[in-house]
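Colleague: Take a look at this one; I'll ask things after.
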């Protein structure tokens, strides 16, 4: 399971010839998402699995036998559901174990439910839903607000839908989203209700937590003092930009090999151990064509083996593994690394019907 930190998508066209103000959410009276971790099994991760932790901030038990935890990508509206079972007592937690990238980190406490959903570190949406019907909202801010079956929603990182004024903070392979007040705080504002912090999963066997006001503080003496710890976590930055948002080879004929078109990829990364740049594509429609890529590495970068000596390597079609464009082992310069890549065809255009042929190429940069 890879956590994608930056990616860009462009459309590739071949033409001619034969180949060519946030809506309001209601505060949950009982169950909320109290913690979320997306780095399970990634490099440096403290735990092997992603997880979502729930908390019952109410005063009565909640039967979750018909409920689900659902996940969608940052801008997507296609949701993956993980069914729940049993009940969550007042003041108790409920741990949902999800996917793992590798056997890196510790095992989670015994989960109360398990699923195979892979949460993205860079951003996504997690909804606690009172039924098992997959959601269809989430592609724009406020689009899920009218669904009464959503008990709680957290959009984090680069998510486009969320509760309140903005998404919860960006997290990492080592940091989780943590709800304030041990899970008690719910002001319907992901940006304010959550902070990034150390992952500390709790399950139904963990000690209960009360959301009451608690006893009043003792009266002051003649002299009083107070102290506070102050900390800050500076997050790694990785971004990617393409020379063109759309690439066209114009008119071409079967049996020819159109000239390659420049598509330089710029990557800015503050990661001390560098990053890996890869690429994949969709198949051309209405029939596939042998799209490829060539390129050279920037200073300090290493070109991928398939692109050595300036060859045009075929670009794999998802879900096949990405083609490695190249890697670095240090942060980029302040203005970024420029990978001098070009899109072309690995062989002559096959005999296909005349028409307009399109595909999508996706470049991905992942911190190493």
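The values are calculated or read from the model by the stated rules, or taken from the named source; none is laboratory data. Remember, predicted model here, so these are calculated numbers, not experimental data. Using ideal geometry, Cβ is built from the backbone for each residue, glycine included, and neighbour counts are taken over all protein chains shown.
Colleague: Out of the residues in the range 20-39 meeting the condition of being at pLDDT 95 or above and in a loop (DSSP other than H, G, I, E, B), tell me which one is surrounded by the most Cβ atoms within 10 Å (Cβ to Cβ).
Modeller: Start the filter on the range 20-39 by keeping residues that are at pLDDT 95 or above, which leaves 31-39.
Next, only the ones that are in a loop (DSSP other than H, G, I, E, B) stay: 38-39.
Values: 38: 31, 39: 26.
Result: 38.
Results for (1) closer than 20 Å to residue 257 by Cα; (2) modelled with pLDDT of 95 or more, shown as yes or no for each residue.
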residue	(1), (2)
280	no, yes
288	yes, yes
292	yes, yes
325	no, yes
335	no, no
341	yes, yes
345	yes, yes
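Colleague: In addition: Keeping to the range 326-336, report how many residues are in contact with a strand residue (DSSP E or B) (Cβ under 6 Å, 6 or more places away or on another chain) and within 18 Å of residue 308 (Cβ to Cβ).
Modeller: Of the residues in the range 326-336, 3 are in contact with a strand residue (DSSP E or B) (Cβ under 6 Å, 6 or more places away or on another chain) and within 18 Å of residue 308 (Cβ to Cβ).
Colleague: Kindly provide the set of residues from the range 336-354 that are farther than 11 Å from residue 267 by Cβ and part of a loop (DSSP other than H, G, I, E, B), ordered by number. Don't jump to the end; show me each part of the working.
Modeller: As a first pass, look at the range 336-354 and keep what is farther than 11 Å from residue 267 by Cβ: 340-354.
346, 347, 348, 349, 350, 351, 352, 353, 354, listed by residue number.
Colleague: Still on this structure, please answer the following. Spot the failing condition for residue 248; the list is (1) exposed (fewer than 15 other Cβ atoms within 10 Å of the Cβ); (2) outside any strand (DSSP E or B), and only one is missed.
Modeller: If we test residue 248 against (1) exposed (fewer than 15 other Cβ atoms within 10 Å of the Cβ); (2) outside any strand (DSSP E or B), just (2) comes out false.
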